[in-house]
Amino acid sequence: HQLIVLDENAQAIAQVRKDLQGNISTTIHRAKKAAGQDDGTLNTPFQQLAQYTDFKAHTLVQTATKQRKTIAATEAVETEAGTLLTLTAVSPIFKRTLKREIAGYVLVRYLLNQNPDIIREMQRLFGGTAVIYHAGQAVTWQQSAETQPPSITADLYQTLIQSSSLSHESIDIREGGYLAQYRSLRGLDLKPLAVLGIRIPADRYVETTEQAIQTLLGIMFLCILGAFIIAYFLASSLLVPIDRLMKGVHLLESGDLSQKIQVKTRDELGILATAFNTMTQQLNEFFNVFRNTIDILTRAATALTAEKDLNRLLELIVSEVCMVCHADGGTLYTLENEQLTLKILQNSSLNLQQGGTSGESVKFTPVRLMAQDNGKYRMSVYAAKYKKLIYVTDVDNNQEFDFAATHAYDQALNYKTHAILVLPLLDRMNHTVGVLQLVNPLDEKTQQPIEFSKTQMAVLHSLASQAAVAIESARNYQKIAQKNTSFRRFMPTEFLSRLGHAEVEEIDLGDSSQEHMAVLFSDIRSFTTLSESLRPSDNFTFLNDYLRAIGPNITAHAGFIDKYIGDAIMALFPGDHISEADDAVAAAIGMQRSLARFNQHREQSNLPPLSIGIGIHAGPLILGTIGFETRIETTVIGDTVNLASRIEGLTKQYGITLGITSTTLEKVHQKEHLLVRELDTVQVKGKQQPITVYEIFNADPEALREIKQQHLEDHHSALHLYRNREWREALGLFQKIAQDLPEDRTLKRYLQRCRHFMLSPPDENWQGITRLDEK
């Protein structure tokens, strides 16, 4: 450091030196000591500074003189030792006069070259390395044995010296990197003289940054956690009530109206929850009433719809309606031929039941739809005529309607009618089919008279509509039932079911079904001759009497008659009892026995007995409809039908009543109950396959039946000999049997065949089969 005082006032100079000498000397001493040059004297550079200083021409002095204040700037002083960099300050010294004349100057230089004091202070302040560069070289730094001054590139130095920019930053945050700040030192004329560089290790800042980031993350986490906690409690105060409200809404949507929302807050949500609970309670009450009404209507409608009997239906309507509205009594009229006919009368307090299934008839005459002599209508007549619901709460004081019949009724039964409700029963076409009248509604608990409520009247109006429809349906059902009964007399319902239909209107032309059944054909012997002796009307009377006698045997054994062919019957047996064969054979035996009883009645009337032939064959067939659009008929077709007809025809030739095929006999489950005699193996016309025919003689007269049973074994033996071409031996056995059965046409045929074959034996291909050319 150097202090130079330029003044002519010795006293002022002495005072300045006295005030500053100690500090200046101490500072110079420290600087020399730090540089290793402390010999107790002033260093040559400081002396040279004074030597090379022309104070009067010094720019700072001139500036301070001009501006009359202290001026400081960086200087580059050229000496023999080289360029010295200093921080120079010049302060004018003023006289104590009014004009403040300058008495002298104080010039202080702070040497920057190789001065560690300022570097050390900078490094203490910034915590890095400070270096002063001049001419591209370091002139001042903190020297140590381990370190060298950090260099600066020539380009960077020239940039800082030549550029108008005062500073330059360099940042390298890699491991071992640094943060550097370079600033040009300029003189009073702003010319750059040197460069000050400060480098700070980046590791510390990176570590500090990481710590700051971690701290920031921690703070952020704590903030988020705090925000979450605050949000949780805030949301709990808002969302919990809202969630309860939402659950209440969902329960309400699902139909649960019994839940209440528990929200204890007094804010808007609490008010909303209270309003919601009130609404739910009101809805619950409404739906309870609605549900009860629906239950009543559903139960009543179900009961009314299920009932098909008209009398029971009318009784049910009155009892159900009285129970729904708690009426003491009720009456029901039906409208027929413009007259109201009282069908049902009920009164609980009088324990009165008339009409319906009560067994007690209604003792009231029908009422015509017209006004009485006084010009007033009865309530029931008015409701039926004008199709209006009428409600009178005070019968005694009402002047609009005629209550003479009501007063007479009350007087006769010691009863008091105070309120009447009349409802017209209107069908789907809005036509009146009847009138329902209810009297004296009672409280359900106290049984005291009350009035009908609007809700009750609405329910009763709906029930009245359902009752009208039910009455219409019951009447239609009766008509349909009558038609179905009549139709079954023309077409068996079994035919419909076999075709997969329930009603006749479902049948289409060409409907068919393949089945396995037994077919029965029966025919009256010599009916043509018999009918010729009768008048046409007597013919039908005779046939109906005959069919009435034998027909029930067919239905009794699960068969049904497919058609009548003149005097012949064609019946089908699907086997719903035992089997198709068992049922058909049992029916045929029953027909023979019924015919025997029928003949007894004819003999009592001096009429000739009837004889019939029955043929049965079981097998596959086809049921279906034939005809055209305007005329359809059900029928069965197939070989089974044809063969059954052929078997019935064979009964005439063999003189038997009941013949069945071997196929049918094989399907009989209860053979032990049958009396069976083999007739013949035949090949009917149009068929290639021969078939054996058997006689069932269970229904023969007792004497004839016993003889056939006695000779049954000889009969089978004779057939065996006959088929083995032993005609002589067969002839002997047949003749033996014929002695007891001289009128047996089957035996006569075999006797004739044996004699013929004895004279003219058949060829070797003969197998005992009889070919029939007649159908």
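Only one residue in 391, 415, 409 is touching a helix residue (DSSP H, G or I) at 6+ places or on another chain (Cβ under 8 Å), aromatic (Phe, Trp, Tyr) and over 19 Å from residue 467 (Cβ atoms). Which one? Explain how you work it out, then say what you get.
Working: 391 fails: over 19 Å from residue 467 (Cβ atoms); 409 fails: touching a helix residue (DSSP H, G or I) at 6+ places or on another chain (Cβ under 8 Å).
The match here is 415.
Can you run down the residue pairs with Cβ atoms below 7 Å, 6 or more apart or on separate chains, where the first is in the range 311-324 and closer than 14 Å to residue 358 by Cβ and in contact (Cβ under 8 Å) with a residue 40 or more places away in the chain and the partner is of a type outside the set (A, V, I, L, M, F, W, C) and open to solvent by 50 Å² or more (accessible area, probe 1.4 Å)?
Close Cβ pairs (under 7 Å, with a partner that is of a type outside the set (A, V, I, L, M, F, W, C) and open to solvent by 50 Å² or more (accessible area, probe 1.4 Å)) amount to 311/357; 312/357; 314/343; 315/357.
Looking at residue 352 and the list (1) open to solvent by less than 70 Å² (accessible area, probe 1.4 Å); (2) of a type outside the set (Phe, Trp, Tyr); (3) farther than 15 Å from residue 440 by Cβ, which single condition is not satisfied?
(3)
Being over 19 Å from residue 435 (Cβ atoms) and of a type in the set (Gly, Ala, Ser), is that true of even one residue in the range 345-354?
Yes, that holds for at least one residue.
From (1) open to solvent by less than 30 Å² (accessible area, probe 1.4 Å); (2) in contact with an Asp or Glu (Cβ under 7 Å, 6 or more places away or on another chain); (3) outside any helix (DSSP H, G or I); (4) of a type outside the set (A, V, I, L, M), pick out the condition that doesn't hold for residue 669.
(1)
If a residue has to be over 13 Å from residue 401 (Cβ atoms) and open to solvent by less than 60 Å² (accessible area, probe 1.4 Å) to count, how many in the range 370-383 make the cut? It would help to see each step written out before you state the result.
Going residue by residue through the range 370-383, those that are over 13 Å from residue 401 (Cβ atoms) are 370, 373.
Now narrow it down to the ones that are open to solvent by less than 60 Å² (accessible area, probe 1.4 Å): none.
The qualifying residues number 0.
Restricting to the range 355-369, what's the tally of residues that are hydrophobic (A, V, I, L, M, F, W, C) and open to solvent by 80 Å² or more (accessible area, probe 1.4 Å)? Explain how you work it out, then say what you get.
Initially, the range 355-369 is screened for residues hydrophobic (A, V, I, L, M, F, W, C), giving 362, 364, 367, 369.
From what is left, the residues that are open to solvent by 80 Å² or more (accessible area, probe 1.4 Å) are 364.
Qualifying residue count for the region: 1.
Residue-by-condition table, conditions (1) surrounded by fewer than 19 Cβ atoms within 10 Å (Cβ to Cβ); (2) at pLDDT below 70:
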{"site": "446", "(1), (2)": "yes, no"}
{"site": "461", "(1), (2)": "yes, no"}
{"site": "464", "(1), (2)": "no, no"}
{"site": "474", "(1), (2)": "no, no"}
{"site": "481", "(1), (2)": "yes, yes"}
{"site": "493", "(1), (2)": "yes, yes"}
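Looking at this structure, is residue 671 out of contact with any strand residue (DSSP E or B) (no Cβ under 7 Å at 6 or more places or on another chain) and closer than 25 Å to residue 593 by Cβ? Can you show your working first?
Values: out of contact with any strand residue (DSSP E or B) (no Cβ under 7 Å at 6 or more places or on another chain): yes; closer than 25 Å to residue 593 by Cβ: yes.
In short, yes.
If you take the residues in the range 510-528 that are at pLDDT below 80 and not in a strand (DSSP E or B), which one is most open to solvent (accessible area, probe 1.4 Å)? Spell out how you get there, then give the answer.
As a first pass, look at the range 510-528 and keep what is at pLDDT below 80: 510-512, 528.
Then drop every residue that is not not in a strand (DSSP E or B), which leaves 510-511, 528.
Values: 510: 50, 511: 34, 528: 92 Å².
Checking each candidate, the answer is 528.
Inside the range 530-560, can you point out the residues that are of a type in the set (Val, Ile, Thr) and either surrounded by fewer than 17 Cβ atoms within 10 Å (Cβ to Cβ) or on the phi > 0 side of the Ramachandran plot (or both)? Write out each step before concluding.
Let us first name the residues in the range 530-560 that are of a type in the set (Val, Ile, Thr), namely 541, 550, 554-555.
Scanning the range 530-560 gives 541, 555.
If residue 202 passes every condition in (1) over 30 Å from residue 75 (Cα atoms); (2) modelled with pLDDT of 80 or more; (3) small (Gly, Ala, Ser) but one, which one does it miss?
Unmet condition: (2).
Among the residues of the range 731-743, which ones are open to solvent by 70 Å² or more (accessible area, probe 1.4 Å) and part of a helix (DSSP H, G or I)?
Of the range 731-743, the ones open to solvent by 70 Å² or more (accessible area, probe 1.4 Å) are 735-736, 739-740, 742-743.
The answer is 735, 736.
Suppose we keep only residues that are closer than 16 Å to residue 67 by Cα and open to solvent by 20 Å² or more (accessible area, probe 1.4 Å) within the range 78-94. Which one would you say is nearest to the chain's Cα centre (by Cα)?
Result: 89.
Every residue in the range 621-649 that is assigned to a helix (DSSP H, G or I) and open to solvent by 10 Å² or more (accessible area, probe 1.4 Å), please. Don't jump to the end; show me each part of the working.
To start, the set of residues in the range 621-649 that are assigned to a helix (DSSP H, G or I) comprises 639-649.
Selection gives 639, 641, 642, 643, 645, 646, 648, 649.
Is there a residue in the range 216-234 that is of a type in the set (Ser, Thr, Tyr) and over 49 Å from the mean Cα position of the chain (by Cα)? Before the answer, list the steps.
Kept after step one, since they are of a type in the set (Ser, Thr, Tyr), are these residues of the range 216-234: 232.
So of that shortlist, the ones also over 49 Å from the mean Cα position of the chain (by Cα) come out as none.
The answer is no, given that none of the residues of the range 216-234 is of a type in the set (Ser, Thr, Tyr) and over 49 Å from the mean Cα position of the chain (by Cα).
Could you please tell me which pairs satisfy a Cβ distance under 8 Å, a separation of 6+ or placement on different chains, a first residue in the range 635-662 that is basic (Lys, Arg), and a second residue that is at pLDDT 90 or above and not in a loop (DSSP other than H, G, I, E, B)?
Partner pairs satisfying both residue conditions: 646/615; 652/613.
Can you name every residue in the range 687-700 that is open to solvent by 30 Å² or more (accessible area, probe 1.4 Å), part of a loop (DSSP other than H, G, I, E, B) and free of Cβ contacts under 8 Å to residues at least 60 places away in the same chain? Break it down into steps so the answer makes sense when it comes.
Let us first name the residues in the range 687-700 that are open to solvent by 30 Å² or more (accessible area, probe 1.4 Å), namely 687-690, 694.
Narrowing further to those that are part of a loop (DSSP other than H, G, I, E, B): 687-690.
Result: 687, 688, 689.
Going through the range 598-612 one residue at a time, which ones are under 16 Å from residue 526 (Cα atoms) and either loosely packed, with under 11 Cβ neighbours inside 10 Å or in contact with a strand residue (DSSP E or B) (Cβ under 7 Å, 6 or more places away or on another chain) (or both)?
Correct list: 610, 612.
Limited to the range 440-478, what total is found for residues that are over 37 Å from the mean Cα position of the chain (by Cα) and among the aliphatic types (A, V, I, L, M)?
Of the residues in that region, 2 qualify.
Give me the pairs, please: first residue somewhere in the range 57-81 and touching a residue at least 40 places away in the same chain (Cβ under 8 Å), second residue anywhere and β-branched (Val, Ile, Thr) and assigned to a helix (DSSP H, G or I), beta-carbon distance under 6 Å, and either six or more positions apart or on two chains.
71/63
Does any residue of the range 567-581 turn out to be more than 15 Å from residue 522 (Cα to Cα), touching a residue at least 60 places away in the same chain (Cβ under 8 Å), in a helix (DSSP H, G or I) and in contact with a strand residue (DSSP E or B) (Cβ under 8 Å, 6 or more places away or on another chain)? Write out each step before concluding.
The first filter runs over the range 567-581 and keeps only residues more than 15 Å from residue 522 (Cα to Cα), leaving 574-581.
With touching a residue at least 60 places away in the same chain (Cβ under 8 Å) added as a condition, the list becomes 574, 578-581.
Now restrict to residues that are in a helix (DSSP H, G or I): 580-581.
This time we only want the ones that are in contact with a strand residue (DSSP E or B) (Cβ under 8 Å, 6 or more places away or on another chain), so: 580-581.
Yes; the residues of the range 567-581 include at least one that is more than 15 Å from residue 522 (Cα to Cα), touching a residue at least 60 places away in the same chain (Cβ under 8 Å), in a helix (DSSP H, G or I) and in contact with a strand residue (DSSP E or B) (Cβ under 8 Å, 6 or more places away or on another chain).
Restricting attention to the range 154-163, does a residue exist that is within 21 Å of residue 193 (Cβ to Cβ), open to solvent by 30 Å² or more (accessible area, probe 1.4 Å) and in a strand (DSSP E or B)?
There is no residue in the range 154-163 that is within 21 Å of residue 193 (Cβ to Cβ), open to solvent by 30 Å² or more (accessible area, probe 1.4 Å) and in a strand (DSSP E or B).
Any residue at all in the range 712-730 that's open to solvent by less than 70 Å² (accessible area, probe 1.4 Å), free of Cβ contacts under 8 Å to residues at least 40 places away in the same chain, within 22 Å of residue 612 (Cβ to Cβ) and touching a helix residue (DSSP H, G or I) at 6+ places or on another chain (Cβ under 8 Å)?
So far as the range 712-730 goes, no, none of its residues is open to solvent by less than 70 Å² (accessible area, probe 1.4 Å), free of Cβ contacts under 8 Å to residues at least 40 places away in the same chain, within 22 Å of residue 612 (Cβ to Cβ) and touching a helix residue (DSSP H, G or I) at 6+ places or on another chain (Cβ under 8 Å).
Can you go through 684, 693 and tell me which one is more than 58 Å from the chain's Cα centre (by Cα) and over 29 Å from residue 546 (Cα atoms)?
On the way: 693 fails: over 29 Å from residue 546 (Cα atoms).
After applying the criteria, what remains is 684.
Test each condition in (1) among the hydrophobic types (A, V, I, L, M, F, W, C); (2) assigned to a loop (DSSP other than H, G, I, E, B); (3) modelled with pLDDT of 85 or more for residue 371 and report the one that comes out false.
Residue 371 satisfies all of (1) among the hydrophobic types (A, V, I, L, M, F, W, C); (2) assigned to a loop (DSSP other than H, G, I, E, B); (3) modelled with pLDDT of 85 or more except (3).
Being open to solvent by less than 40 Å² (accessible area, probe 1.4 Å) and in a strand (DSSP E or B) is the filter; apply it to the range 194-216 and report the residue that is farthest from residue 64 (Cα to Cα). Give the derivation first.
So in the range 194-216, the residues open to solvent by less than 40 Å² (accessible area, probe 1.4 Å) come out as 194-198, 200, 202.
Narrowing further to those that are in a strand (DSSP E or B): 194-198, 200.
Values: 194: 23, 195: 26, 196: 26, 197: 30, 198: 31, 200: 37 Å.
Among residues in the range 194-216 that are open to solvent by less than 40 Å² (accessible area, probe 1.4 Å) and in a strand (DSSP E or B), the one farthest from residue 64 (Cα to Cα) is 200.
Kindly state which strands (runs of 3 or more DSSP E) lie completely within the range 385-460 and contain at least 2 residues that are more than 23 Å from residue 335 (Cα to Cα).
Values: elements: 390-392, 420-426, 432-441.
Answer list for the range 385-460: 432-441.
The values are calculated or read from the model by the stated rules, or taken from the named source; none is laboratory data. Small disclaimer: the values here were computed from a predicted structure and weren't measured. Don't worry about glycine lacking a Cβ; one is built from the backbone with ideal geometry, like all the others, and counts go over all protein chains shown. Quick note on the areas: whole protein, heavy atoms, side chains included, nothing else; ligands and nucleic acids left out. Shrake-Rupley method; radii C 1.70, N 1.55, O 1.52, S 1.80 Å.
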